[in-house]
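Reading through the structure tokens given below for one structure.
Coordinate-derived values only; no laboratory data. Predicted, not measured: the structure shown is a model, and the values here were computed from it. Reconstructed Cβ throughout: ideal geometry from the backbone, glycine too, with neighbour counts over all protein chains shown.
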Amino acid sequence: MRVEPRVTSDGSGREPSDGTPCEPSLRELLGEPHLVEPDLQYAVWWTSPHGVIGTMLAPSRIDDRLADYVTGPLHDAMRARAGDAPTYALHDWSLATGYDGTTRLRLVRWVVAHRAELAAIGV
């Protein structure tokens, strides 16, 4: 499937008036998500090899609730799928309105502690 990117007059990829993404959304590219965490407005697609693509569905801060989900139930589900194999993770947090400082540090420490399990991670 080929999806043509939408172009803005200023070339930024975002509509200056409302911040709406102009590039194709993950849903347009990948179809319906495999998981949606409704309270966090977070969608997830499983990939092959053992990977996950996650994205925010609405603007919000990256806080402890999101960190708890990504490093807890989502990570556990990924490990159950991958077994001992290294995993790939891509989290599109372009809708984030900011980070809680302690949450950012916590996420960095979690990645460092789990780096042996990760083939690659992108945020």
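What nm distance separates the two modelled labels at Ser94 and Arg115, each placed 7 Å from Cα along Cα→Cβ?
Going from the Ser94 label point to the Arg115 one covers 2.8 nm.
Got a sec to turn the phi values of segment 59-73 into Karplus ³J(HN,Hα) couplings, 6.51 cos²θ - 1.76 cosθ + 1.60 with θ = phi - 60°, whole Hz, x for Gly and Pro?
Once θ is set to phi - 60°, the couplings for segment 59-73 become x, 6, 7, 7, 10, 4, 5, 5, 4, 4, 5, 5, 8, x, x Hz.
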